[in-house]
1. Once phi is turned into θ = phi - 60°, what whole-Hz ³J(HN,Hα) does the Karplus curve with 6.51, -1.76 and 1.60 give for every residue of the range 114-129, x standing for Gly and Pro?
2. Please list, ordered by chain and number, the residues whose modelled amide H lies under 5 Å from the amide H of V132; skip anything fewer than 5 residues away on the same chain.
3. Mind giving me the nanometre distance, one decimal, between the label points for E88 and A33, set 7 Å out from Cα along Cα→Cβ?
4. Per residue, how much accessible area does the range 110-211 have with a 1.4 Å probe, in Å²?
5. Percent antiparallel among DSSP beta bridges with both residues in the chain, to the nearest 5?
6. If you line up the Cα atoms of the range 30-123 on their principal axes, what length do they span on each, largest first, in Å?
7. Leaving out ligands, DNA and RNA, what percent of the accessible area of the range 103-169 is carbon and sulfur, probe 1.4 Å?
8. Name the residue, out of T71, T56, T161, whose mean-square fluctuation peaks in a Gaussian network model built on the chain with Cα pairs under 10 Å.
Amino acid sequence: MTPIEQRNSLLAQRMIKALNKRNMDAYYCPTSAEAIARVQDLIADGSTVSWGGSMTLRDMGLTAALHERGTLRLLDRDEAKDRAEAMEIYLQAFRADYYLTSANAITEDGVIVNIDGNGNRVAAITFGPQHVIFVIGLNKVTQNVDAALARARSTAAPINTARFDISTPCRIDGVCHNCNSPESVCNHIHFLRNSPRRRHTVVLVGESLGY
């Protein structure tokens, strides 16, 4: 085991204990391939599954693996023909058996932080789907909530504005201006401290994933 692998394993085990105290199930997977297998094991055949606009899930190959599985009912907004159909998928996601997402940041003691432009992702995390599964690379771990929020707004948000090619101050210089831009992606800020009814599961991955 390399020094990085050793550190990641120790950090993940500490975080799993913290997440368990917050009424969340949690697992550590050193690689994306292991994380995909873990998520597949968590989802029963015949389930309805949806997900947010996470680059983590797409880049690691999880969404493709779910499509290839062939035994699930998938609500995939990327397959929508137009905006109206995408909105219908957003709404149907609230009735999904499983909702998959990543996070903009997670603290060492298990608080999960996300920011949203439309709010559909944080809404589904908060209420609706029977089960919510987070897949989070250890690159998104911060020491505390203040650092997590700073990461979400100063790292994730500017990158996402570039990805969406929208006009916000952070798109111009890569720095958060605490703006009120009409195209802001920071309209909804969400902190998950505890999981009511143990709806939430966290899969930590020992790789750098997403933004």
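1. Taking θ as phi minus 60°, the curve returns 9, 10, 9, x, 7, x, 5, 5, 5, 5, 5, 4, 6, 7, x, x Hz for the range 114-129.
2. Y99, H200, T201
3. So the label points at E88 and A33 sit 4.0 nm apart.
4. On the way: 4660 Å² over 102 residues.
In whole numbers, the range 110-211 has 46 Å² accessible per residue.
5. Working: 7 of 30 bridges.
Percentage antiparallel, nearest 5: 25.
6. Reported extents, whole Å, longest axis first: 39, 31, 22.
7. On the way: 1190 of 2350 Å².
The C+S portion of the solvent-accessible surface of the range 103-169 is 51 percent.
8. Highest fluctuation of the listed residues: T71.
The values are calculated or read from the model by the stated rules, or taken from the named source; none is laboratory data. Predicted, not measured: the structure shown is a model, and the values here were computed from it. Because the Cβ atoms are built from the backbone with ideal geometry, glycine has one as well, and the counts that use them run over all protein chains shown. Heavy atoms of the whole protein, side chains included, go into the accessibility calculation; ligands, DNA and RNA do not. Shrake-Rupley method; radii C 1.70, N 1.55, O 1.52, S 1.80 Å.
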